[in-house]
Every structure is written in structure tokens, then in C-alpha cells.
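The values are calculated or read from the model by the stated rules, or taken from the named source; none is laboratory data. None of the values given here were measured: they were computed from a predicted structure. Here Cβ is always computed from backbone atoms with ideal geometry, including for glycine, and neighbour counts include all displayed protein chains. What goes into the accessible areas is simple: the full protein's heavy atoms, side chains included, and nothing from ligands, DNA or RNA. Shrake-Rupley method; radii C 1.70, N 1.55, O 1.52, S 1.80 Å.
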Amino acid sequence: QVQLVESGGGLVQAGGSLRLSCTASRSRFSVYDMGWYRQAPGNPREWVATITSGGITNYTDSVKGRFSVARDNGKNTVYLQMNSLKPEDTAVYYCRMFQISGFEYWGRGTQVTVSS
């Protein structure tokens, strides 16, 4: 059983920054791709960013230039640095550990609220 624990969420004013962390209990963390997703009330969960096991990053258009994903394999942790936050970034943010084989685990999420 894999546990993914997100942290770092909170309340911030528009234009502010937060750094989310997701720490995995799984060994061999480095071989897994990691993703960040978010879900706002009344909306489906949407993909935000991915960092592959090889360190390749991708972002949804709405966060490009503002968010940055990184990983520290020695700490089994993936980060999402969020800058220039907007009210529309308000959501519960989830991390996902996955492989192309179909293996996947999700964290329970951390709330991010951006006030205008």
C-alpha cells in the first residue's frame, strides 16, 4: 500500500505564493512519474502538472509561467511551487504517483484558497 501525503496548502491573497509538497511512502520513488491535479467545487478534477521519472515537466496552459514542479528523489517528495496565484487557482490539490503500466495512487489532497 502506498501513502501519498500532501501538505503546504492554505489561504493566500491573489498574487501570493505557496509551495505544495507530496511525500510518498513507496520505495523506488524515482522510477514513478508524479502529477499534480486540482478540483474546484462543482468542477471535475483537472490535470495541473507532471514530472516524469526522468525529470521532464509539463504544465496545463493556465499555470505555465506561474507554477513549477520539481522532485527530490532522496526525500520521496514532489513539489509544486505556485506563484502569482489567482482566485481561479482555488481548489483542492492532489498528487498522483503513476506508471504507464496502469499503476497509480492518489493522495487525499490539500486545500488552496486564493482570496481576491
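Around Gly10, which amide H atoms from residues at least 5 apart in sequence, or from another chain, sit under 5 Å from its own amide H, with H modelled in the peptide plane?
Under 5 Å from the amide H of Gly10 lie the amide H atoms of Val112, Thr113, each far enough along the sequence or on another chain.
For the chain, compute the orientation-averaged projected area of the C-alpha convex hull (one quarter of its surface), in nm². Mind dumping the intermediate values first?
Numbers: hull surface 27.5 nm².
Mean shadow area of the hull around the Cα atoms is 6.9 nm².
If each residue of separation counts as 0.36 nm, what is the full-extension length gain between Gln81 and Arg28 once their alpha-carbon separation is subtracted?
Working: separation 53, 0.36 × 53 = 19.08 nm, distance 2.34 nm.
That pair, Gln81 and Arg28, stretches by 16.7 nm at full extension.
Once you have the Cα-Cα distance between Ile100 and Ser115, take 0.36 nm times their residue separation minus that, and quote the gain in nm to one decimal.
1.7 nm
Could you please state how large a percent of the accessible area of the range 5-78 is carbon and sulfur, counting protein chains only and using a 1.4 Å probe?
Details: 1780 of 3800 Å².
Of all accessible area on the range 5-78, carbon and sulfur atoms account for 47 percent.
In nm, to one decimal, how far is the modelled label at Leu11 from the one at Glu88, with both set 7 Å along Cα→Cβ?
Taking the two extended label points, one gets 2.4 nm.
At Ala40 and Thr52, where each label point lies 7 Å from the Cα along Cα→Cβ, what is the point-to-point distance in nanometres?
3.0 nm
Can you compute the modelled spin-label distance between Arg108 and Asp61, with each label point 7 Å from Cα toward Cβ, in nm?
Taking the simple label geometry, Arg108 and Asp61 are separated by 3.6 nm.
In terms of the Cα gyration tensor, with a ≥ b ≥ c the square roots of its eigenvalues, is the range 28-69 rounded because a/c is under 1.5, prolate because a/b exceeds b/c, or oblate?
It is oblate, given that a/c is not under 1.5 and a/b is not larger than b/c.
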